[in-house]
Amino acid sequence: MLIALENVCKIYNQGQANEVRALSGIDLSVEAGSMLCLKGPSGSGKSTLLAIIGCVFPPTSGRAAIAGKQLARLPDRFLTIHRRESIGFIFQKFNVLPELTVLENITLPLLPLGISPRERRQRAKTLMERLGIAHRENFPAGQISGGELQRVAIARALINRPPIILADEPTAHLDTPLSREFMAIMQQLQAEGKTIVIASHDPLVFEHPAIDRQVAIQDGRIHVP
Amino acid sequence: MFLNPWSIALTLCGLLALALGAVASRTALRVLRFWDLGSDSNRQISLEGEIWLSSTLMAYGLGFQIVTLFLFVLAADQFAQAIAGAMCATGSLLASPYGVPTLLVKLCGLFFYGFWLLLHQLDIRSEHYPLVRSKYLYLLLLIPFLVLDVSLQTLYIAGLKPDIITSCCGVVFGSTAAGESNLLGGSSRHGLLIAFSLASLSLAGMATILLRRWRPRLAWSYSLGWLCFLPLALVVITTVVSSYVYAMPYHKCPFCLLKPEYHYFGLPLYGSLLLAGFFGMSAAPTGLVRSKPGLARVVDSYQRLAVKGSLLLLVIFAGLSWYHFLKYLLVGGEG
Amino acid sequence: MAKRGIEKQLNILDYALSSLWRRRTKNLSILLVFSAVIFLVASFLMVSKALSDRAGQLLVAAPEITVQRMSAGRQEAIPLAHGERLQGIFGIRRVVPRVWGYYFDEVTGANFTVLGVDPLQMPGGDGLATALARGRLPEEGEAGMVVVGQGVVETLALENRQLFSLFRPDLSLKTLTVSGEFAKETGIMTADLLLMHPAEARDLFLIAPGFATDLCISVANSREIETIARKIAELLPDCRVLTRPQIQKTYQVVFGWRSGFASICLLSAVAAFIILAWDKASGLAPEERREIAILKVLGWETADVLAVRFWEACLVSGLAFLLGMLSAFAHVLFFSAFLFRPILLGWSVLAPGLSLVPALALGDFLLLAAFTVLPYLAATVIPAWRSATVPADSALGG
Ligand SMILES: Nc1ncnc2c1ncn2[C@@H]1O[C@H](COP(=O)(O)OP(=O)(O)OP(=O)(O)O)[C@@H](O)[C@H]1O
Ligand SMILES: [Mg+2]
């Protein structure tokens, strides 16, 4: 199992007045090479679950093994190191830095790895060509269209060659054709052996034929209808 | 002599170091009290963030320590212009009972900061942060030392009066006429040189053996050897090496080496010696934490690095210290 | 491994550069203020160093012991017989009478220093010959021969004249012949100097024969200066005895005190800047927060972001240091430190009209850095850490 969660709980601000129980008792396992969709209403805990799978923070309790590493009790530094080796993130608002160029945005994850500018550019070039944004290489990311932005985000998620791709509401800011295109790219990636987890309440996503499995979340629990 | 640019700079650096130390010790107290790696509380999360603050502060502390050590020697050299009988830093340092202690404390401070940073680097390489408590206990112990450093320095500056009469390197380290007192008298040049050569050769030998196969006992004697070698090397620099650098048999001074007149020869000389000493002395003691979870490989690779580093720097240091002597032998004394 | 580490730092440095450039208006204002502060401190340190070096050069030439006769608190001509009485003191090598004074030339409005001393008797007098650009030193018994400095040549327009005249106090003319000129390089000490035999100087100033302005005494062992000075003072109670170390030390102490006082004033400029830097660094703008959260979720460690901030601080302070230093250098060298004229007024008599050449050593750079760069680094470390600990999950959102 590439992702194995056992009885995972996440409590924000534990022990304080503003304590929030975002996840409780989540059991979930995902095989390598599958594509999973998390769906659920707003505030149900999708993003929180994705953050735990994405090694952004450890679960408050329970066990979470991601790409062969047990996350419980792992200090922030090691979560980060594991995250940059195993996870590619695609965010709802794409989270690009508008003043940097497309190339610079795509290669951001490689800087702390000590990879030389030449190799960085080479890697990015292959991805940009594949995603059809090579002609935008030196454009500031703030000046390109939404569809291109989406591809930049995908390229950035792939640049460190992670086995797992996570996407949080990737289609929320895209129109229907672009959303279809996005799912098509995801399908390709899955065919290459990537494991993909998408959190979305967009039917275009969770009813897409490439999705192997849907998991519904409600109030921080996996909802079995 | 507070109203002098050098005194003011030293005092400013001292105050800055104290301020950084105070912030770091606040983190240390919080870590010692509340650290709980298993917890997911906001406090633990902020503590994990504060580790980076304290380590940055300590790295800055080391940088400041290096700067102030250098500044202190240069300041003493400047003070010499205003103190009767003082020609260079030696004279001004001896002009007050606090001069030499301040220098020594600053020198030791260099190593203490260095060891802390080493401990920190080892600690953050293990997922369990096994040294976090000892690291911060150590940091707290460093604070009184820092206070001692700054107060000695302040006492030294305050105690300097232009009308103090002192003696300078010519008298202090020079060859003694009968009856005159000499700080390093009694030890003959040849004896010193032989001891120095033997010591460096045996350190190099131990390092080579250690690089072939690690033996804990040998490692300990290597580290202790470095502990003894450091003062010996300082004495040899003062009494033998320096006069060949100055090309004057009676000019013996450990500080003038740092002046532009001698092309800052002292910088690489002392730099290689101190760094080699740091590596050498830390090689064996790091073995003490080898048994902590997740540290075995990290410690092993550091120990090899330390032995390699100290060996390389020892060679550089020895080369530098023999350079002027050999030049003197080959070219003759006129240089 | 090590190569990766260096490459990583280079990447981070590169990112820091681009990050500085992206916030250029803010950073430029910091850079300018910081350069201005460094400029002030550096100019001041350079001027005080140049002046104290100058003074040191002047004082080296001062005699080891100077004896002046005092009467009613004012200096008077000293009879040469006093010198004879000193010969008995053990340790005195030589007593050289000097006749010297200032001559005010009413035509040009210039002030010359007239020094009447026998060059052969002066300690290091043979060194004087090498200070000549042309000609020779006046010899015993040659009437009216004088060696002049370059400043004198210029003011009196002596380029192709050998003869010139000066007024005695009774307005009669004394004719002098130029026997030699001091070299330009010795300008600091010789520019306004007229060197002649004591007898000639006495004639010019109308001092009675058998008297001198003061007596210069050289001693055999420089460690005995103080002892000998005390003995002289006992022997000649109507005289003031000055020793070179005394003058030097007093001078150094007063000078150090003055420049220390000024440094404290300059510290307030540094402090004001540090407060500004802190203020600028600690306000974490929302875009900046977002940027760091993105970097962190993409796999940057807290230490990496701290390194970005550290490099930024280094770049800003390094550039400001360079700018401030260069402009201070120009200010002192080419504009004779005009900004510090009011503070340095008292010292201008030391080296009138001469350009200051700041000779800087590594230590002076370090001193300057300790005054400016270190406080800046210390002031920015906590804001830098604050920004580096923005949690990665704040980039998730939505
Ligand atoms: N950093 C945080 N601090 C405190 N509470 C939080 C935090 N992040 C999320 N929460 C709370 O945790 C619960 C789950 O949030 P989460 O963002 O995981 O939901 P979601 O399913 O992604 O919702 P949406 O569809 O709106 O993105 C919510 O009640 C939210 O208010
Ligand atoms: Mg969400």
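List the accessible area buried at the contact between A and C, summed over both sides and calculated with a 1.4 Å probe, in Å² to the nearest 100.
Working: alone 10870 and 21460 Å², together 29820 Å².
Between A and C, the summed buried area is about 2500 Å².
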### Summary
Any residue on another chain or 5+ positions along whose placed amide H is under 5 Å from the amide H of A:Val215 is listed here as A:Cys37, A:Leu38, A:Lys39
## Note on the structure
Excluding ligands, DNA and RNA, the carbon-plus-sulfur percentage of the accessible area of the protein assembly as shown with a 1.4 Å probe reads 62 percent
### Summary
Answer in debye to the nearest 20: the dipole magnitude of the protein assembly as shown about its Cα centre, from +1 Lys/Arg and -1 Asp/Glu charges placed on Cβ, is 2700 debye
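Could you state how much accessible area is buried at the A-B interface, both sides summed, with a 1.4 Å probe, in Å² to the nearest 100? All intermediate terms of the calculation are to be shown ahead of the outcome.
Details: alone 10870 and 16360 Å², together 26150 Å².
Interface between A and B: roughly 1100 Å².
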### Message
Once R0 is set to 56 Å, what does the formula 1/(1 + (r/R0)^6) return for the Cβ-Cβ distance between C:Ala199 and B:Leu148, expressed as a FRET efficiency to the nearest 0.05?
### Response
0.25
## Note on the structure
Ignoring ligands and nucleic acids, C:Cys314 exposes an accessible area, probe 1.4 Å, in Å² to the nearest 10, of 40 Å²
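Hey, what's chain C come to in accessible area per residue, 1.4 Å probe, Å²? Write down the numbers at each step before the final one.
Working: 18760 Å² over 398 residues.
Accessible area per residue, chain C: 47 Å².
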### Task
List the residues of the stretch C:241-261 that lose 20 Å² or more of accessible area once all protein chains are present, compared with their chain alone (1.4 Å probe, heavy atoms only, no ligands or nucleic acids).
C:Lys249, C:Gln252, C:Val253, C:Gly256, C:Trp257, C:Gly260
### Task
On a 0 to 90° scale, report how tilted helix A:146-158 is relative to the longest principal axis of chain A, with both axes built from alpha carbons and the result rounded to the nearest 10.
70 degrees
### Query
With every protein chain left in place, what is the accessible area per residue of the stretch B:179-331 in square angstrom, probe 1.4 Å?
51 Å²
### Query
What residues qualify as long-range amide H neighbours of C:Trp100, i.e. H under 5 Å apart, gap of 5 or more or another chain, H built at 1.01 Å from N?
C:Gly116, C:Thr213, C:Asp214
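Given a 1.4 angstrom probe, what's the average accessible area per residue across the stretch B:5-167, in square angstrom?
Working: 5700 Å² over 163 residues.
Counting only protein heavy atoms, the per-residue value for the stretch B:5-167 is 35 Å².
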### Message
Not counting ligands, DNA or RNA, and with a 1.4 Å probe, what is C:Trp311's accessible surface area in Å² rounded to the nearest 10?
### Response
70 Å²
## Note on the structure
Inter-part gap, Cα centre of the stretch B:218-275 to Cα centre of the stretch A:136-153, in whole angstrom, is 60 Å
### the stretch C:359-371 - phi-based ³J(HN,Hα) in whole Hz, Karplus 6.51/-1.76/1.60, Gly and Pro as x
9, 9, 10, 3, x, 5, 4, 5, 4, 5, 5, 5, 7
## Note on the structure
When every protein chain stays in place and a 1.4 Å probe is rolled, C:Ser327, C:Ser268 sorted by accessible area with the largest first are C:Ser268, C:Ser327
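Let me have the relative contact order for chain A, percent, based on Cα pairs under 8 Å that are six or more residues apart. Numbers along the way, then the final one.
Values: 434 pairs, mean separation 66.9, N = 225.
Value for chain A: 30 percent.
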### Query
Tilt of helix A:76-86 relative to the longest C-alpha principal axis of chain A, in degrees (0 to 90, nearest 10)?
60 degrees
### Query
Counting alpha carbon pairs within less than 8 Å and at least 6 residues apart, what relative contact order, in whole percent, applies to the stretch B:5-167?
32 percent
### Message
As a test of reading the structure, rank B:Trp116, B:Trp52, C:Trp21 by solvent-accessible area (1.4 Å probe, protein chains only), most first.
### Response
C:Trp21, B:Trp52, B:Trp116
### Task
With θ set to phi - 60°, apply the Karplus curve 6.51 cos²θ - 1.76 cosθ + 1.60 along the stretch C:74-84 and write out the HN-Hα couplings as whole Hz, x wherever there is a Gly or Pro.
10, 6, 10, 5, 9, x, 5, 4, 4, x, 4
### Message
For C:Phe182, what residues show an amide H to amide H distance below 5 Å, using hydrogens built from the backbone and excluding near sequence neighbours?
### Response
C:Ala133, C:Val148, C:Gly149, C:Gln150
### Task
Provide a list, ordered by number, of residues in the stretch C:10-43 showing at least 50 Å² less accessible area with every protein chain present than when their chain is taken on its own, using a 1.4 Å probe.
C:Asn11, C:Arg22
## Note on the structure
The pairs in B:Lys259/B:Lys327; B:Lys259/C:Lys26; A:Lys194/B:Lys135; B:Lys106/B:Lys161 lying past 30 Å Cα-Cα in this model are B:Lys259/C:Lys26; A:Lys194/B:Lys135
### Query
In nm, to one decimal, how far is the modelled label at A:Arg180 from the one at B:Leu29, with both set 7 Å along Cα→Cβ?
6.6 nm
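Order A:Met35, C:Met325, most accessible first, counting only protein heavy atoms with a 1.4 angstrom probe. Walk me through the intermediate numbers first.
On the way: A:Met35 0, C:Met325 20 Å².
If we order A:Met35, C:Met325 from most to least accessible, we get C:Met325, A:Met35.
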### Query
What accessible area, in Å² to the nearest ten, does a 1.4 Å probe give for B:His251?
40 Å²
### Task
Enter the angle in degrees (range 0 to 90, nearest 10) between the Cα long axis of helix C:302-334 and the first principal axis of the Cα atoms of chain C, meaning the one along which they spread out most.
30 degrees
#### Entry: HN-Hα J in Hz across the stretch C:226-243 - Karplus 6.51, -1.76, 1.60, θ = phi - 60°, x for Gly and Pro
5, 4, 5, 4, 5, 4, 4, 4, 5, 6, 10, x, 8, 10, 9, 10, 10, 10
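Compute the relative contact order of chain C as a whole-number percentage, counting only Cα pairs closer than 8 Å that sit 6 or more residues apart in sequence. Intermediate values should be presented prior to the final figure.
Values: 536 pairs, mean separation 108.7, N = 398.
Once divided by the residue count of chain C, the mean separation gives 27 percent.
The values are calculated or read from the model by the stated rules, or taken from the named source; none is laboratory data. Worth saying up front: this structure is predicted, and the values here are computed from it rather than measured. In this analysis, Cβ positions are derived from the backbone assuming ideal geometry, glycine residues included, and neighbour counts consider all displayed protein chains. Note: accessible area is taken over every heavy atom of the protein model, side chains too, but ligands, DNA and RNA are not part of it. Shrake-Rupley method; radii C 1.70, N 1.55, O 1.52, S 1.80 Å.
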